[in-house]
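Working notes, beginning with the structure itself.
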Amino acid sequence: MRVVVGGGTGFVGTALTQLLRSRGHEVTHVSRYAGKDRISWDELSCSGLPRCDAAVNLAGENVLNPLRRWDYAFQREVVTSRVETTKTLAKAIAEAEQPPRAWVLVTGVGYYRPSLTTEYTEDSSGGDFDFFSRLVHTWELAAKIPGNITREVVVRSGVVLGKNGGAISQMLWPFRLGLGGPIGSGVQPFPWIHVQDLAGIVSHALETEGVRGVLNGVSPASPNTSNADFARALGSALGRPALLPLPTVVVRAVFGAERGIMLLEGQRVVPKRTLECGYHFTFPDLPVALRDIVS
Ligand SMILES: NC(=O)c1ccc[n+]([C@@H]2O[C@H](COP(=O)([O-])OP(=O)(O)OC[C@H]3O[C@@H](n4cnc5c(N)ncnc54)[C@H](OP(=O)(O)O)[C@@H]3O)[C@@H](O)[C@H]2O)c1
């Protein structure tokens, strides 16, 4: 299969590209930067989609960059880097002479309203209550393609855990020094997935004919994992105590109140359709996932 991947050079994209290539597929990235096996977003807009069997979009400015202030300019970048790239790919797919058979967009569980008690499946409502939920709603709408030729799949991802990137890369040094701990109260749910499983779900969706619609990209243990459970498990995987909480005021000061919600609150998300469509998780449990990551 030939697969075109927007934003495929990043953390999730690197894992997906390795997995797809190991399964004998050819991968072309759509990127802001020139390089081997890459095309630019302008080339995609002007010359159309290269001949391919499937397309994926993973492009998006890193929301939790602590060096960027949560001001209007950064918020616009967060939105346009996701929505405009998705529109560009969807338009190229719709206009392709031979449209690809499958099209997968990775969004986020920020679609669902944070709650300590409610469990969300792919059928739950959301997308209408704060900046991130409305972003996911608009982003997923941008992926819609008229007609029925191309199968559309949206993977709503939790916090992606893996080596060499994502949330853990920023947490590792304080935890290794024994300075880690829960964020805020620590009781908030922590929806998580190992990067190999997120890549696995995307690959499964590309390769499996009947799969379409929304899949939750979280591990099966995720609905029962709190932020404090995560901190304890990471400390334990590193053989360090993880007792020092990161205070709410510090999170709000660094990230701003609106963005701080991503760290201070969470959703209990169940991968119901993901399991029903036949995906088998490599890392369903947190301690094993974390041991793999810190080894
Ligand atoms: N990591 C997580 O915990 C997590 C959780 C939920 C959802 N997601 C979503 O999953 C997708 C992939 O996540 P990731 O962690 O792999 O992301 P990432 O590594 O931060 O970025 C992915 C790619 O997006 C492209 N990109 C970055 N800023 C851009 C901009 N301003 N305009 C256009 N393209 C830009 C870059 O590709 P080029 O440099 O090649 O252009 C980058 O390699 C993202 O859409 C993210 O929102 C991630």
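Details
- Residue within the stretch 52-63 that is touching a strand residue (DSSP E or B) at 6+ places or on another chain (Cβ under 6 Å) and surrounded by fewer than 24 Cβ atoms within 10 Å (Cβ to Cβ) present: yes
- Some residue of the stretch 164-184 being near the ligand (Cβ under 10 Å from one of its atoms) and over 22 Å from residue 292 (Cα atoms): no
- Among residues of the stretch 85-101 that are at pLDDT 95 or above, those with a beta-carbon under 7 Å from a residue that is in a helix (DSSP H, G or I) and not aliphatic (A, V, I, L, M) at least six positions away or on a different chain give the pairs 85/41; 86/139; 88/41; 88/45.
- Of the residues making up the stretch 20-49, those that are of a type outside the set (Ser, Thr, Tyr) and either surrounded by 17 or more Cβ atoms within 10 Å (Cβ to Cβ) or within 21 Å of residue 96 (Cβ to Cβ) (or both) number 16.
- Test result for residue 187, over 19 Å from residue 282 (Cβ atoms) and free of Cβ contacts under 8 Å to residues at least 24 places away in the same chain: no
- Residues of the stretch 1-13 classified as out of contact with any strand residue (DSSP E or B) (no Cβ under 7 Å at 6 or more places or on another chain) and more than 11 Å from the ligand (Cβ to nearest atom), total: 0
- Neighbours by Cβ (under 9 Å, 6+ apart or cross-chain): first from the stretch 278-289, surrounded by fewer than 16 Cβ atoms within 10 Å (Cβ to Cβ); second aliphatic (A, V, I, L, M): 278/211; 282/289; 285/221; 287/233; 287/237
- Beta carbons closer than 6 Å, at least 6 apart along the sequence or on distinct chains, pair a first residue in the stretch 137-166 that is under 27 Å from residue 100 (Cα atoms) and among the hydroxyl-bearing types (Ser, Thr, Tyr) with a second that is part of a helix (DSSP H, G or I) and within 14 Å of the ligand (Cβ to nearest atom) for 138/83; 157/198.
- For residue 215, the conditions (1) more than 20 Å from the chain's Cα centre (by Cα); (2) over 19 Å from residue 174 (Cα atoms); (3) modelled with pLDDT of 95 or more are fulfilled apart from (1).
- Selection of the stretch 167-208 for residues being small (Gly, Ala, Ser) and under 21 Å from residue 253 (Cα atoms) yields 167, 169, 180, 181, 184, 185, 186.
- Answer from 97, 77, 122 - the residue that is more than 21 Å from residue 216 (Cβ to Cβ), of a type in the set (Asp, Glu) and within 16 Å of the ligand (Cβ to nearest atom): 77
- Counted as qualifying within the stretch 1-46 are no strands (runs of 3 or more DSSP E), as none has 2 or more residues that are modelled with pLDDT under 95 and within 21 Å of the chain's Cα centre (by Cα).
- Among residues of the stretch 214-242 that are of a type in the set (Phe, Trp, Tyr), those with a beta-carbon under 8 Å from a residue that is part of a helix (DSSP H, G or I) at least six positions away or on a different chain give the pairs 230/286.
- Residues that are among the charged types (D, E, K, R) and surrounded by fewer than 16 Cβ atoms within 10 Å (Cβ to Cβ), drawn from the stretch 208-257: 209
- Here residue 159 meets each of (1) within 12 Å of the ligand (Cβ to nearest atom); (2) within 21 Å of residue 27 (Cβ to Cβ) with one exception, condition (2).
- Some residue of the stretch 34-55 being among the acidic types (Asp, Glu) and under 30 Å from residue 130 (Cα atoms): no
- Among residues of the stretch 14-29, those that are near the ligand (Cβ under 8 Å from one of its atoms) and more than 18 Å from residue 282 (Cα to Cα), counted: 1
The values are calculated or read from the model by the stated rules, or taken from the named source; none is laboratory data. What you see is a predicted model; the values in this text were computed from it and never measured. Using ideal geometry, Cβ is built from the backbone for each residue, glycine included, and neighbour counts are taken over all protein chains shown.
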